[in-house]
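Asks: I'd like to ask some things about the structure below.
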Amino acid sequence: MNGGSVPPEKAGTVFQMKEYKGLLSWLSPVDHKQIGIMYFITSLTFFLVAVSLAMIMRTQLIRPNHGWLSSATYNQVFSMHGTTMVFLAVMPMLIAFMIYFTPLMIGARDVAFPRMNALSYWLYLMGGLLLYFSFFTGGALNVGWSAYAPLTETNYTMSKYMIGTGVDYWIVGLLLAGAGTIMNSVNILVTVAALRAPDMKLSRVPLFVWMSAANAVLMLLAMPALNTALVMLFLDRHLNALFFVPAAGGKPLLWQHYFWFFGHPEVYILILPGFGIISEVIPVFSRKPIFGYAFLAIATVAIGFLSFGVWAHHMFATGMNFTVYYVFALASMLIAVPTGIKVFNWIATMWGGSISFDTAMLFAVAFILQFTIGGLTGVAFATVPIDWALTHTYFVVAHFHYTLLGGTLFTVMAGFYYWYPKITGRMLSEKLGKIQFWLMVIGFNGAFFILHFAGLAGMPRRVYTYPDLPHLASINLISSLSAYILALGILVFFANLIVSLRKGKPAGDNPWNGATLEWATSSPPPPRNFERIPPVRSITPLWDLKESGRLPDTLPSSSRERDNE
Amino acid sequence: MDYFTSVLSPGTRQAVDILRAFYIVLGVSAFIFAVVAGLSMYALCRFRRREGREPKTFRENVRLEVLWTAIPLLIVTGLFVVAVWIMSLVNPPALGHQPDLTVTAHQWWWGLRYPQPGVTAANEIHLPVGRRLLLRFESGDVIHSFWVPSLGQKIDVIPGHPNHLWLTLERPGVYLGACSSFCGMGHGKMRIRVIAQSTDDFNTWIGSQQQPASPPSAAQAAKGVGVFMEKNCINCHSIAGLVTKGRVAPDLTHVASRETLAAGALTNTPENLSRWLRDPQSVKDCNMPDLGLSDDQVGYLVAYLGGLK
Ligand code: HEM
Ligand SMILES: [Cu+2]
Ligand SMILES: [Cu+2]
């Protein structure tokens, strides 16, 4: 089962391939796989930084009235943690999966616009570096990742601690990265629309690709709202445009509308590719085709649509009109339905299967349960009066870490264990994987489940310290200690990534008996991805081939050779 | 005095209603989670890979799909009804009613104005139990959020966008809360203290607050008045009966009657007051500058301000 030219036991890792040798090849790549790898490495680096910031926060919060960090420092730390996780770590990590695997899974040789793909990456990297450069200019962003006006206006960001350029670097950094993201979405959409293997009808497109495409639509429509708001804020700060200044007739709430018009789709942007990964992993490790393919695809589209009609649920405490609340509460509750459909379809996929507990599958299952918790607290927040009581508190922090960390990050982990062999040519260590998995499950739930109670007990979010009110000391102690366990798990993951590159078992083309096209080529795939594109008769082309007893390297050459350079 | 700090110990009718919604949703959520977790765990155990057992191959079942679309739809419709019902109980529109209290949030303290009796105070909110009260919220600068967990709803305090809350306190006690919308450096130390009292106690308190500041009783305190006038305090602070042009800092007319200083950052003792006057920035990030007072001056001010019951 080796579509490439080298037998697996001799195969080097991706970094030893002659086409990818040399600095120049990594400075000017246009191959989607190389760019994908650069996205992986960069986003993992930013992820490590953001995790370190999180550990600093949890250390500061380990006990009441802790005097370690000043408010000035803590505010930068939590703001940069949120911004980095969302824009520089998790979203680009998902984009990395999209860029790397979309062409492979649809039998294309590259993305539609390889050079634009490279531009996206460089914009992302430069945006990220610019954002971090702000630390050296007198202080980074210190107003939270949602940067509510009018606190972001110059008269409030100037203080004796800092000159307040952090907000400006944030604006410009996110604009750059955001422009890159918009190009990513165009690229993915055109690739999926135009470069699918000849017989891959829309009804045979792998679910990961479906969800990536839906994600691309969301990014395309949501990012401009953020970019607009950023430009308006920049004008406010430097040309006195007064968009958000109430004393001059501006509206602080306008910022919130813009921000969340982007921000709510954004949280789906942060989960849809994850849903896609899960929809690939569960069938493979259950040896059973995905249950309810059509419903999953439709549910994805429904989520995409609805996600643009729920943004004001982030503003239930702003004192708007009740009619507005009704509309947004209803829409927010409705969006839970397609999400629920997915969960039940995944379970139904496992049902009757032959389930193996490889690390990828463990992460997928933990994801289902943890994400369900995050989803349910989400429904609680859509119940307006509960939002009135609990928004802006640690209950929210717990809620969105259940969706983003217990949710997305766990899907990403499943994705790494599933696809690392394809990307690098080596298997990740399952032994380290299991250790990592248990450290992360215990650490994550220990750190964040209990934070629901911190919110109930009266702890607002974004505070650098808190008084010794009943229960807060013990809750925070447990949360911080568990967070260290979680961080240990993450370190084990990084160790695994590095060690397995040298010591990992050679992967072979299709170590997991995957069903989709990426497993029909060698690991790592050759620069042009496929020598022959196998026929696609269903959503599980490789399983079909196996049944009919034909192996990929004896395939007839595909009817239409494609070249997209 | 009983202290209330948690969402789970409601002190107003509105908080009781919200907690009811919370428990309903909690029950429903626990049920759904049990179903999801139960089914997954069962599947994992029952269908784990074993020699010689072939996986099934079914791919679809429209009846099942309809079932698990319809049931969640019914559930969320139910929850939506709960939301609408509790909303109308908790915080109906103010419809032109006059507020019993106007709270003005500032970076990083709370200004209070009781329009009816005409009382100005700061940071510590006295309210009578048993009556349905209307509170109005305005902001003097950025967005804050008024959150006292046991009172039920929180409300954002937004410049140019006044908001309101209805509260019916049920039990006397001290209700602790905090600003919950990030508002800058001092956000973490912008606490709220609500003192719920019987109508009699409340009226006594109002009566005492209506008085102008007591004149200095001793020589030390009289010197304190001088320092207060000289050292720019009056540009920011007001003391009824002395000078009332300061608008950007807490009213100090009855500062000694408060339990805490600087929005809950310190308990109100003479030592803490002098610590505050010596170096306010070491207590919390705030808009009160270090005024370079000598030890003597601090002593005089403490004597004066400490007498402003
Ligand atoms: C590695 C483990 C993590 C830990 C221990 C952690 C911890 C925290 C804590 C304690 C806060 C609250 C800070 C505050 O309100 O004062 C926070 C905020 C936040 N976290 Fe995490 N986090 C982790 C991972 C993540 C991940 C994976 C994401 C997601 C994509 C994420 C996104 C955010 C965001 C968006 C905020 C809000 C920042 C703000 O308030 O502006 N975190 N995190
Ligand atoms: Cu949202
Ligand atoms: Cu605040």
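The values are calculated or read from the model by the stated rules, or taken from the named source; none is laboratory data. Just so we're clear, the structure is a prediction, and the values are computed from it rather than from any experiment. Cβ atoms come from the backbone with ideal geometry, glycine included; neighbour counts cover every protein chain shown. Side chains are part of the model used for accessible areas, which takes the heavy atoms of the whole protein and leaves out ligands, DNA and RNA. Shrake-Rupley method; radii C 1.70, N 1.55, O 1.52, S 1.80 Å.
Asks: Would you kindly identify the helices (runs of 4 or more DSSP H) lying entirely within the stretch A:246-349 that contain at least 1 residues that are on the phi > 0 side of the Ramachandran plot?
Replies: none
Asks: Looking only at the stretch B:78-104, count every residue that is more than 7 Å from every other protein chain (Cβ to nearest Cβ), in a helix (DSSP H, G or I) and open to solvent by less than 70 Å² (accessible area, probe 1.4 Å) and tell me the total.
Replies: Matching residues across the stretch B:78-104 total 2.
Asks: Let me ask something else about it. Select, from B:52, B:38, B:27, B:11, the only residue that is more than 9 Å from chain A (Cβ to nearest Cβ) and either under 30 Å from residue B:131 (Cα atoms) or in contact with a helix residue (DSSP H, G or I) (Cβ under 9 Å, 6 or more places away or on another chain) (or both).
Replies: B:11
To keep it simple, each residue is scored yes or no on (1) within 16 Å of ligand 1 (Cβ to nearest atom); (2) on the phi > 0 side of the Ramachandran plot.
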residue: B:160; (1), (2): no, yes
residue: B:169; (1), (2): no, no
residue: B:172; (1), (2): no, no
residue: B:179; (1), (2): yes, no
residue: B:187; (1), (2): yes, no
residue: B:194; (1), (2): no, no
residue: B:198; (1), (2): no, no
residue: B:202; (1), (2): no, no
residue: B:222; (1), (2): no, no
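Asks: Of everything in the stretch A:308-320 that's surrounded by 19 or more Cβ atoms within 10 Å (Cβ to Cβ) and among the aliphatic types (A, V, I, L, M), which residue is farthest from ligand 3 (Cβ to nearest atom)?
Replies: In this case the residue turns out to be A:310.
Asks: Looking at the structure I just gave you, is residue A:115 open to solvent by 10 Å² or more (accessible area, probe 1.4 Å), in contact with a helix residue (DSSP H, G or I) (Cβ under 7 Å, 6 or more places away or on another chain) and more than 16 Å from ligand 3 (Cβ to nearest atom)?
Replies: For residue A:115, the condition - open to solvent by 10 Å² or more (accessible area, probe 1.4 Å), in contact with a helix residue (DSSP H, G or I) (Cβ under 7 Å, 6 or more places away or on another chain) and more than 16 Å from ligand 3 (Cβ to nearest atom) - is not met.
Asks: Here's a follow-up. Being surrounded by fewer than 17 Cβ atoms within 10 Å (Cβ to Cβ) and in contact (Cβ under 8 Å) with a residue 24 or more places away in the chain is the filter here; which residues of the stretch B:14-33 pass it?
Replies: B:16, B:20
Asks: Looking at (1) open to solvent by 10 Å² or more (accessible area, probe 1.4 Å); (2) closer than 26 Å to residue B:247 by Cα; (3) among the β-branched types (Val, Ile, Thr); (4) outside any strand (DSSP E or B), which is the one condition that is false for residue B:120?
Replies: Looking at each condition in turn, residue B:120 falls short on (4).
Asks: Sticking with this one: Keeping to the stretch A:358-369, report how many residues are open to solvent by 10 Å² or more (accessible area, probe 1.4 Å) and at the interface with chain B (Cβ under 7 Å from one of its Cβ atoms).
Replies: 2
Asks: Let me ask you something else. Listed residues A:372, A:349, A:323, A:339; which is open to solvent by 10 Å² or more (accessible area, probe 1.4 Å), more than 7 Å from chain B (Cβ to nearest Cβ), β-branched (Val, Ile, Thr) and within 25 Å of residue B:62 (Cβ to Cβ)?
Replies: A:339
Asks: Got a sec? Which of A:425, A:406 is crowded, with 24+ Cβ neighbours inside 10 Å and touching a residue at least 60 places away in the same chain (Cβ under 8 Å)? I'd like the intermediate steps shown before the answer.
Replies: Details: A:406 fails: touching a residue at least 60 places away in the same chain (Cβ under 8 Å).
Testing whether each residue is crowded, with 24+ Cβ neighbours inside 10 Å and touching a residue at least 60 places away in the same chain (Cβ under 8 Å) leaves just A:425.
Asks: Now for a different question. Among (1) touching a Leu at 6+ places or on another chain (Cβ under 9 Å); (2) open to solvent by 10 Å² or more (accessible area, probe 1.4 Å); (3) in contact (Cβ under 8 Å) with a residue 60 or more places away in the chain, where does residue A:518 come up short?
Replies: The number of the failed condition is (2).
Asks: Only one of A:29, A:92, A:103 is within 24 Å of the chain's Cα centre (by Cα), open to solvent by less than 10 Å² (accessible area, probe 1.4 Å) and at pLDDT below 95. Can you tell me which?
Replies: A:29
Asks: Continuing with this model, one more query. Which residues, taken from the stretch B:124-144, are crowded, with 24+ Cβ neighbours inside 10 Å and either closer than 18 Å to residue B:264 by Cα or within 16 Å of ligand 1 (Cβ to nearest atom) (or both)?
Replies: Once the filter is applied, which keeps residues that are crowded, with 24+ Cβ neighbours inside 10 Å and either closer than 18 Å to residue B:264 by Cα or within 16 Å of ligand 1 (Cβ to nearest atom) (or both), the stretch B:124-144 yields B:142, B:143, B:144.
Asks: Something else about it: Specify which of the listed residues (A:242, A:226) is at positive phi and either within 16 Å of ligand 2 (Cβ to nearest atom) or not in a helix (DSSP H, G or I) (or both).
Replies: Values: A:226 fails: at positive phi.
Unique residue meeting the criteria: A:242.
Asks: Something else about it: Is there a residue being outside any helix (DSSP H, G or I) and surrounded by 15 or more Cβ atoms within 10 Å (Cβ to Cβ) anywhere in the stretch B:61-70?
Replies: No, there is no match, as no residue in the stretch B:61-70 is outside any helix (DSSP H, G or I) and surrounded by 15 or more Cβ atoms within 10 Å (Cβ to Cβ).
Asks: Looking only at the stretch B:187-209, count how many residues are open to solvent by less than 10 Å² (accessible area, probe 1.4 Å), within 10 Å of ligand 3 (Cβ to nearest atom) and more than 7 Å from chain A (Cβ to nearest Cβ).
Replies: Of the residues in the stretch B:187-209, 1 are open to solvent by less than 10 Å² (accessible area, probe 1.4 Å), within 10 Å of ligand 3 (Cβ to nearest atom) and more than 7 Å from chain A (Cβ to nearest Cβ).
Asks: Please count how many residues of the stretch A:350-398 are part of a helix (DSSP H, G or I) and in contact (Cβ under 8 Å) with a residue 24 or more places away in the chain.
Replies: 30
Asks: Let me ask you something else. Just wondering, is there one or more residues in the stretch A:474-489 that are open to solvent by less than 10 Å² (accessible area, probe 1.4 Å), modelled with pLDDT of 95 or more, in contact with a Phe, Trp or Tyr (Cβ under 9 Å, 6 or more places away or on another chain) and closer than 30 Å to residue A:102 by Cα?
Replies: Among the residues of the stretch A:474-489, at least one is open to solvent by less than 10 Å² (accessible area, probe 1.4 Å), modelled with pLDDT of 95 or more, in contact with a Phe, Trp or Tyr (Cβ under 9 Å, 6 or more places away or on another chain) and closer than 30 Å to residue A:102 by Cα, which makes the answer yes.
Asks: Looking only at the stretch B:268-290, decide whether some residue is at positive phi and either modelled with pLDDT under 95 or not polar (S, T, N, Q) (or both).
Replies: No, the stretch B:268-290 contains no residue that is at positive phi and either modelled with pLDDT under 95 or not polar (S, T, N, Q) (or both).
Asks: Out of the stretch A:384-398, which residues are open to solvent by 10 Å² or more (accessible area, probe 1.4 Å) and either within 11 Å of ligand 1 (Cβ to nearest atom) or among the aromatic types (Phe, Trp, Tyr) (or both)?
Replies: A:392, A:394, A:395, A:396, A:397
Asks: On the given criteria, is residue B:241 away from ligand 2 (no atom under 16 Å from the Cβ), out of contact with any Asp or Glu (no Cβ under 9 Å at 6 or more places or on another chain) and either open to solvent by less than 10 Å² (accessible area, probe 1.4 Å) or polar (S, T, N, Q) (or both)? So that I can check it myself, show each step before the final result.
Replies: Details: away from ligand 2 (no atom under 16 Å from the Cβ): yes; out of contact with any Asp or Glu (no Cβ under 9 Å at 6 or more places or on another chain): yes; either open to solvent by less than 10 Å² (accessible area, probe 1.4 Å) or polar (S, T, N, Q) (or both): no.
Judged against the criteria, residue B:241 is not a match.
Asks: Here is a follow-up. Looking at the stretch B:162-186 only, could you name the residues that are more than 10 Å from ligand 3 (Cβ to nearest atom), of a type outside the set (Gly, Ala, Ser) and within 19 Å of residue A:390 (Cα to Cα)?
Replies: Matches in the stretch B:162-186: B:163, B:164, B:165, B:166, B:167, B:175, B:176.
Asks: Something else about it: Looking at (1) within 16 Å of ligand 2 (Cβ to nearest atom); (2) part of a helix (DSSP H, G or I); (3) not polar (S, T, N, Q), which one does residue A:145 not meet, given that it meets all the others?
Replies: With respect to (1) within 16 Å of ligand 2 (Cβ to nearest atom); (2) part of a helix (DSSP H, G or I); (3) not polar (S, T, N, Q), residue A:145 is out only on (2).
Asks: Right, here's the next one. Of the numbered conditions (1) open to solvent by less than 40 Å² (accessible area, probe 1.4 Å); (2) part of a loop (DSSP other than H, G, I, E, B), residue B:273 satisfies every one except a single condition; which is it?
Replies: In the conditions (1) open to solvent by less than 40 Å² (accessible area, probe 1.4 Å); (2) part of a loop (DSSP other than H, G, I, E, B), residue B:273 misses (2) alone.
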